[in-house]
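All remarks here apply to the structure that follows.
The values are calculated or read from the model by the stated rules, or taken from the named source; none is laboratory data. Since we're looking at a predicted model, the values are computed, not measured. No Cβ is skipped: glycine too gets one built from the backbone with ideal geometry, and neighbour counts run over all protein chains shown. Quick note on the areas: whole protein, heavy atoms, side chains included, nothing else; ligands and nucleic acids left out. Shrake-Rupley method; radii C 1.70, N 1.55, O 1.52, S 1.80 Å.
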Amino acid sequence: MKRLAPALALVLCAAIPALADKVATPIPIGIAVGQTSNVALFGQEQVNGAKIAEERLNAAGGVNGTKITLVFQDTAGDEAGAVNAFQNLINRDKVVAIIGPTLSQQAFAANPIAERAKTPVVGPSNTAKGVPEIGEFIGRISAPMTQVAPYSVKQAMKLNPDIKRVAVLYAQNDAFSSSETVTFQDAVKNLGLETVTVQKFQTTDNDFTTQVTAVLGAKADLVIISGLAADSGNLVKQLRQLGYKGLIVGGNGLNSPNMFPVCGALCSDILVAQAYSPATVDKNPVNKDFATAFEAAYKKGPAQFSAQAYTAVQVVTEALAKIEKETGKKIADFELAELREMLNKSLRTGSYMTPIGEISIQPSGEVEQKDFYVSKIVMNPDGKTGSFVLVS
Ligand code: PYR
């Protein structure tokens, strides 16, 4: 009898199918962004925007009457943190989709985990070339810098048609910055300008004396920076302190008001291309609702990273509602694995009216967005707060 027991157990196990996970209610959506480390300068804005989305979308009925719940997992600033957060959200928290990570650098490490687990990812701020190509379950609502960045260089030329000599600086240890600088350098060439120096730095650098000395020595009249918030903010500060007087164009890493305390009053006049503008509230009621709720909650207006995080939550929620409409079945009655696959398809059908305008996600996972903006940073007399003021 004793010797038969293992065999019997095997037969029984084979006969009883493993219990498949159902989708939980409220419907869990994972938010894997950098809430700590230097990346929190972006991540905190993303958390703020996502929380407004959760509140507003649930107040409007959630998914046809079923609430969503956001499950936050801090990725911190590196690849390992993002991988760990993705694993927890997929396997432990059993989320229907993941919104994240903050950086493209993290996306290239963590997204393959979601791809293997057939869990949809909606990138809220991944702008490097190649992110949607990571896999079938990888999409984004953040427009790639190949589309957005050239606008700011064109605007700089409008403000100063005499610009001829351009210095380009980028963080070589960051995937987004290395990708964005290629776009900037192409734009410079296409506009007939001369790149007089290309300087590299690390996102962890604090001292930019070498790079600034090279920029001044090359007599650049336009500086273009691709980095993250803290490094770029310090670089701008040191450029101004050491005497650079020309225009500065910042990439997506300078798209956050959390950078303002880093360069203080010296942040003034940086030009940044953006995929969101609070100025559209009069013609975009979704943006008006978002911006009003954001302002009431945080006593400040929203910026791009918050608006994109809201958009990502909205898109997932609406894609879930579409599944219910098409199948006549409640989300909670689906098995999780099946729902994740259906959600991935649903995300890629139709369009969404969001705070960043009307968008859609192509079958490839790439976002299609119509409107981009260029803003100039205007700092307040306190030297710590400021705003992005629309110039085009
Ligand atoms: C990226 O990592 O893709 C950003 O745009 C910050």
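Annotations for the structure displayed:
- Added length on full extension, which subtracts the Cα-Cα distance from 0.36 nm per residue, residue 164 to residue 288: 40.6 nm
- The packing ranking of peptides 321-328, 26-33, highest mean first, is 26-33, 321-328, where packing means the average number of other beta carbon atoms within 10 angstrom of each residue.
- Take 349-359, 164-174, 202-212 and order them by the average number of nearby Cβ atoms within 10 Å per residue, most first; the result is 164-174, 349-359, 202-212.
- Estimated at 0.36 nm per residue, the fully extended path between residue 80 and residue 60 surpasses their Cα-Cα distance by 3.5 nm.
- Probe 1.4 Å - accessible area at residue 83, Å² to nearest ten: 40
- Around residue 169: net Lys/Arg minus Asp/Glu count, Cβ-Cβ under 15 Å: -2
- Under the shape rule built on the C-alpha gyration tensor, where the axes satisfy a ≥ b ≥ c, region 140-194 is oblate, since a/c reaches at least 1.5 while a/b does not exceed b/c.
- Its relative contact order, with pairs defined as Cα atoms under 8 Å and 6+ residues apart, puts the chain at 19 percent.
- Whole-number accessible area per residue in Å² for the chain, which is evaluated in the context of all protein chains at 1.4 Å: 41
- Extension gain for residue 332 to residue 389 (0.36 nm times residue separation, less C-alpha to C-alpha distance): 16.1 nm.
- Solvent-accessible area of the chain (1.4 angstrom probe, protein heavy atoms only): carbon and sulfur portion equals 55 percent.
- Burial order of peptide ranges 131-138, 364-371, 249-256 (average beta-carbon count within 10 Å, highest first): 249-256, 131-138, 364-371
- Too-long pairs where the Cα-Cα distance tops 23 Å, listed order kept, from 67/129; 22/67; 158/384: 67/129; 158/384
- Formal net charge of residues neighbouring residue 20 (Cβ-Cβ distance under 14 Å; K, R +1; D, E -1): -1
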